[in-house]
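K.L.:
Take a look at this one; I'll ask things after.
The values are calculated or read from the model by the stated rules, or taken from the named source; none is laboratory data. Computed from a prediction, not measured in an experiment: that's the story for all the values here. Heads up, the Cβs are rebuilt from the backbone with ideal geometry, glycines too, and the neighbour counts pull from every protein chain shown.
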Amino acid sequence: MKIASFNKYISVIALISGLGLVALPAAAQTTPHKIKSIGLMVQDMSNPFFSAMDKGAKDAAAAIGATVNTQDAQLDLSAQHNQIDAFIQQGVDLIVVSAVDGQGIAPAIAKAKEAGIIVIAVDTPAEGADAVVMTNAVQAGERSCEYLFEKMGHKGQVLLVDGTPIQTIIDRINGCKTVAAKYPDIKIVGQQASKNDRASGLAVTTDMLTANPDVTGIFGMNDPSALGAVLAVEQADKAKQIIVTGVDGSPEAVAELTRNGSPFIGSSTQNPAEMVRQAVKIAQDIADGKPPAEKTVLIESVLVTRDNVKDYTGW
């Protein structure tokens, strides 16, 4: 009787297992112990910021003997969903993502994590990521605008060249507005969103200058949009009337800060390559069973101006 009962028990277990109701964790869902392959997803490779990020990824990968595959979303969220699907199929160990839409990317990140892939966001938060490494964006906006308003004598009309509605850009604009609130004679008279590039920065600034000819200061939420604003200022023959600041500390901004007669006077820095290097380090720590104590890592933003640009090491 005991033997029969035992055999019946074994048969039931075998049946349940066959139906897939009892399963051990799959090896593919186990966190890797060594990062061997990295998928980097950037928003728009035409922006030098993301080219620098790609270089940082290659340096970080070479340092640990890993490979890196960089994908350009061209500001398309659906492209980033497809890229994550491809990385899952390729079996990468780590995805580093600068998300086009921090909330919209969440379902794709969830799928990657279910597949056992570590996901680290860079530059802007992404819902569901294991950690995010980014510039202190509020600080970047504050420092750039504090300098702009100081050079304006803490009075005058200002334009804000905004960008795509991701958290990093929102934070920069909010940082600028926080500083503006301290000075009652600073008036923000226009704010329009660019596509984060020079061409759209030129277009929206041209429109705003037409409606607000007495402006004396412009804040661009990144260097490409700010340099587009510089073009608009010069085309309107207002280079002696208007000054411009940005955010990034990009090579193009450095060149502009050294150009005689340019209305561009300063940029709060970012360090895109360092973001990725830190992301890879955090991911390797996670793989080693040492998750970060803080899931948000903020990199300080410093101000680069005509006075100190010679001492700035750049990207």
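K.L.:
List every residue pair whose Cβ atoms sit under 8 Å apart, with the two residues 6 or more apart in sequence or on different chains, where the first one lies in segment 284-298 and is of a type in the set (A, V, I, L, M, F, W, C) and the second, anywhere, is surrounded by 13 or more Cβ atoms within 10 Å (Cβ to Cβ) and in a loop (DSSP other than H, G, I, E, B).
P.N.:
Correct list of pairs: ILE286/THR31; ILE286/ASP130; ILE286/PRO292; ALA287/THR31; ALA287/PRO32; ALA287/ILE35; ALA287/ASP93; LEU298/ASN136.
K.L.:
Just to confirm my filter: which strands (runs of 3 or more DSSP E) fall fully inside segment 99-200 and include at least 3 residues that are within 23 Å of GLY266 (Cβ to Cβ) and not small (Gly, Ala, Ser)?
P.N.:
Counting at least 3 such residues, we get 156-162, 186-193.
K.L.:
Conditions: (1) assigned by TED's automatic domain parsing to the domain that holds GLY175; (2) surrounded by fewer than 24 Cβ atoms within 10 Å (Cβ to Cβ). SER144 meets all but one. Number of the miss?
P.N.:
Every listed condition holds for SER144 apart from (2).
K.L.:
May I pose another question? Kindly provide the set of residues from segment 259-300 that are within 13 Å of the chain's Cα centre (by Cα) and among the charged types (D, E, K, R), ordered by number.
P.N.:
Matches in segment 259-300: GLU274 only.
K.L.:
Name the single residue, out of those in segment 151-209 being in contact (Cβ under 8 Å) with a residue 12 or more places away in the chain and at positive phi, that is surrounded by the most Cβ atoms within 10 Å (Cβ to Cβ).
P.N.:
Restricting to residues being in contact (Cβ under 8 Å) with a residue 12 or more places away in the chain and at positive phi, the top hit is ASN196.
K.L.:
I've got another one for you. Give segment 294-314 a look and list any residue that's more than 18 Å from ASN136 (Cβ to Cβ) and surrounded by fewer than 14 Cβ atoms within 10 Å (Cβ to Cβ), or say none.
P.N.:
Hits for segment 294-314 are ASP307, ASN308, LYS310, ASP311, THR313, GLY314.
K.L.:
So, in segment 235-277, how many residues would count as being surrounded by fewer than 21 Cβ atoms within 10 Å (Cβ to Cβ) and either acidic (Asp, Glu) or assigned to a helix (DSSP H, G or I) (or both)?
P.N.:
Here the count works out to 9.
K.L.:
To continue, here is another question. In segment 208-227, which residues are under 26 Å from the mean Cα position of the chain (by Cα) and small (Gly, Ala, Ser)?
P.N.:
GLY217, GLY220, SER225, ALA226
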